[in-house]
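Heads up: the structure comes next, in structure tokens.
Read-outs: derived from the displayed coordinates by stated rules, not from any lab. Treat the numbers as computed from the prediction; the structure is a model and nothing was measured. For neighbour counting, all protein chains shown are included, and Cβ atoms are generated from backbone atoms with ideal geometry for every residue, glycine included.
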């Protein structure tokens with residue numbers, strides 16, 4: 001009966017517990033007063049009114065989940081943004097810059113910095129590199145007992161960041177014994193292997209001896225998965241509407257430039273064919289009539305000028321950057337936990353230390369070198385004394401006889417320096433937290449209450465170091481100007497040893513790119529208990545304080561001024577260097593639970609935060625729980641939340657970067673800003689973009705509500721549904737150019753122009769408070785379990801999330817844009833219409849197993865300019881990205897003494913990620929697939945062995 005009753009209580013809470021047999025060990029604990037994530041009032045678990053999903057350690061192990069990132073990817077409530085180590089593995093820009101090595105949660109698609117991550121109910125430091133969100137790699141997953149996911153705003157209890165929800169990683173407590181665990185996850189195809197080894201020891205018993213010491217240590221490694229290890233990575237699929245937009249190729253494209261006279265042009269305007277017409281630029285010898293063909297060089301193919309609506313590129317070649325990127329960044333993670341707990345009378349004292357060291361290597365395509373650009377200049381042009389000069393001249397003049405008089409002028413070009421190696425940025429992050437605290441009973445005014453108090457210091461320190469693929473700019477430019485390095489090698493030809501030595505001499509490997517340190521010191525305390533009795537029951541209350549100091553430091557280039565030689569395309573972000581900035585937060589909060597009737601209870605909460613810099617903010621919350629019958633419960637809440645701007649958003653300097661895409665037209669001369677070469681004024685433009693912080697930023701705010709129902713007519717079936725909506729206001733945004741173009745009339749002041757000619761020079765994309773965002777959805781769940789006559793226990797269930805609305809407006813004056821549900825966005829959160837996780841479990845004797853289905857619906861695909869303008873219609877084009885659905889199978893055996901074995905197959909049917917046009921002007925990960933949705937590893941096999949020594 002206890003087991004049946006517990007299953008009922010968990011269903012009423014909205015708690016996910018697929019394997020009912022796992023609940024037996026929790027039966028006694030659940031009947032005690034405990035603190036559930038989202039509230040400071042201790043209560044019996046069944047009394048909660050908020051949707052909280054609980055994932056046990058056993059469930060994690062059965063699914064082969066050993067990292068927090070893997071866990072987050074399975075949660076339907078988590079969004080699909082650029083928050084994982086696949087989606088930020090390539091060149092990044094704007095808000096994604098500086099995310100090196102970080103992986104974050106993103107509940108309800110509100111963003112990583114609007115999701116609060118807790119460890120044992122208390123805050124940890126945000127990632128040292130950006131200081132805006134917690135790096136999940138720092139969580140000691142080997143010591144996690146369970147994970148509680150609150151699907152509701154919680155600023156009234158926890159303060160900032162809790163707009164999307166709260167994820168609370170609860171560590172083991174009062175563990176006794178010594179156990180070792182080994183885990184491996186090997187993909188059927190090569191690459192992306194995962195392994196972890198852990199050792200956990202616990203001594204003492206709190207209940208009988210009054211003390212317990214817990215120590216865990218773990219080391220895990222995720223091997224790199226490269227783009228060339230998966231055949232679905234192929235950017236050259238013009239028949240499906242995608243082709244790469246880069247003419248930085250291993251066999252260089254030749255350019256006309258205004259930097260100086262060159263072989264292709266004395267004036268900077270490219271040549272025309274006899275009889276006039278298009279002025280060509282970015283010409284490859286391979287693509288000229290009679291040439292060897294772009295695909296004669298590995299990884300190259302024709303630049304599709306029709307898809308990019310750039311007729312002048314008609315004789316250009318491109319190179320597939322996706323094949324060179326890592327689809328999953330390699331990660332080495334070492335973490336440890338030590339916790340000592342003592343009972344002193346009725347009080348419990350504890351001290352805890354958690355530490356981690358994470359090493360991540362970001363690897364992507366070799367640099368493209370552009371002597372045709374101002375970064376290098378004419379001195380780096382290929383000289384007429386170069387060994388390949390005459391071949392280049394002769395091939396060009398056959399097609400463009402008008403350049404015959406330019407013989408002897410140097411060649412301006414764009415080249416992919418394959419000999420420089422793939423670019424690599426290695427990031428090491430050291431993180432930790434030391435916590436001391438106490439909890440127990442307290443007598444005040446003759447009444448008994450519960451208290452808790454804690455003092456903690458947490459930090460996260462990151463450093464990014466350049467590896468291969470980065471070269472000092474001037475030495476490389478000088479080397480190119482010698483003619484020793486040949487950027488026009490044909491198939492089968494190689495650089496001379498002198499050229500290789502010259503390239504190697506310009507390497508900047510080992511230079512520290514930048515680093516950051518985020519530190520938090522916190523003193524918190526709370527008292528909870530019964531105030532008085534009403535006819536329906538006791539009124540419960542809690543009051544608490546939260547005092548924090550947050551500090552942040554960001555180092556740009558740490559080299560001495562005398563040695564700060566420029567490094568090609570190394571994103572030093574010197575302009576964002578901060579010596580040390582800090583702010584103090586003083587908060588007080590209160591929460592009251594009122595039983596109105598036997599069936600209805602109301603909970604009120606309010607919190608007031610006082611921030612150094614922008615003052616105070618007060619956030620209330622009210623929730624209800626109404627249970628007219630034992631089998632039926634209604635629940636709901638309304639709350640207000642806020643997010644304080646990060647230090648980067650406040651204090652970053654201004655970074656100026658050229659816009660490299662071919663899909664932007666000046667909205668002043670081309671309404672809508674869509675490139676269309678057939679319309680005057682709609683030609684492609686490449687303004688500078690300005691990004692950075694604003695010290696005058698205020699917090700963004702949110703109003704949100706939810707209403708739900710839980711139905712359990714029998715002890716073997718339950719179902720739940722929760723409708724929710726979040727309205728964000730004063731959003732802190734750095735808008736992408738597409739949004740600014742669509743709302744040009746509201747952003748005219750952000751388009752910077754020459755005062756005399758009106759020419760578009762730049763676009764200001766710095767952070768600002770403006771606009772509004774509305775997200776609405778419904779979350780559903782169902783459980784069905786039973787027992788066979790043989791004694792075997794089975795269960796089936798489904799958790800689903802339906803996104804009903806996702807829309808935003810850039811400013812409060814602008815209208816809301818079209819719905820973002822089921823539509824491609826470049827770097828924001830993809831609004832997938834439907835997501836679910838379904839499962840079936842079976843347990844008999846020493847055997848148990850689980851079959852799981854993870855499903856993500858498709859969406860409207862990206863459209864390249866040529867397709868959008870109607871200039872080209874690809875033969876096999878589809879405007880939709882297919883659904884993504886995979887099955888995972890695991891089997892668990894406990895028949896050996898002290899040994900538990902778990903084996904599994906992930907992606908049982910070996911489904912590739914669906915094809916998607918995810919090419920973003922040579923920035924952002926993904927190349928014919930979508931890293932925000934799919935796992936690129938394919939079918940893999942897992943094995944976990946857990947041995948208990950005593």
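Say R0 is 60 Å: what FRET efficiency, to the nearest 0.05, do residue 549 and residue 407 get from their beta-carbon distance?
Efficiency at R0 = 60 Å is approximately 0.30.
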**Rounded FRET efficiency, nearest 0.05, which uses the C-beta distance separating residue 569 from residue 385 and R0 of 25 Å** = 0.35
**Spatial separation of Cα centroids for segment 110-166 and segment 520-553, in angstrom** = 18
**Cα-based helix-to-principal-axis angle, 389-399 vs the chain, degrees rounded to 10** = 80
**Request:** Mind giving me the nanometre distance, one decimal, between the label points for residue 338 and residue 359, set 7 Å out from Cα along Cα→Cβ?
**Result:** 2.3
**Request:** Wrap a convex hull around the Cα atoms of segment 234-337, take a quarter of its surface area, and give that in square nanometres.
**Result:** 10.6
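Calculate the FRET efficiency for residue 455 and residue 199 from the Cβ-Cβ distance with a Förster distance of 35 Å, rounded to the nearest 0.05.
0.75
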**Fill in**
Pseudo-spin-label distance residue 794 to residue 145, built 7 Å along Cα→Cβ, given in nm, is 3.4
**Asked** Say each of residue 266 and residue 654 gets a label point 7 Å from the Cα, pointing the same way as Cα to Cβ; how far apart are those two points in nm?
**Response** 3.9
**Item:** Degrees between helix 2-13 axis and first principal axis of the chain (Cα, 0 to 90, nearest 10)
**Value:** 50
**Asked** Measuring from centroid to centroid over Cα atoms, what is the spacing of segment 311-340 and segment 230-283 in Å?
**Response** 26
**Prompt:** For the chain, treating each Cα as an identical point scatterer without solvent, what Debye log10 I(q)/I(0) comes out at q = 0.07, 0.09, 0.10 1/Å?
**Reply:** -0.61, -0.98, -1.19
**Item:** Residue-averaged 222 nm ellipticity for the chain, from DSSP H runs of 4+ at -39500 (n - 2.57), nearest 500
**Value:** -2000 deg cm²/dmol
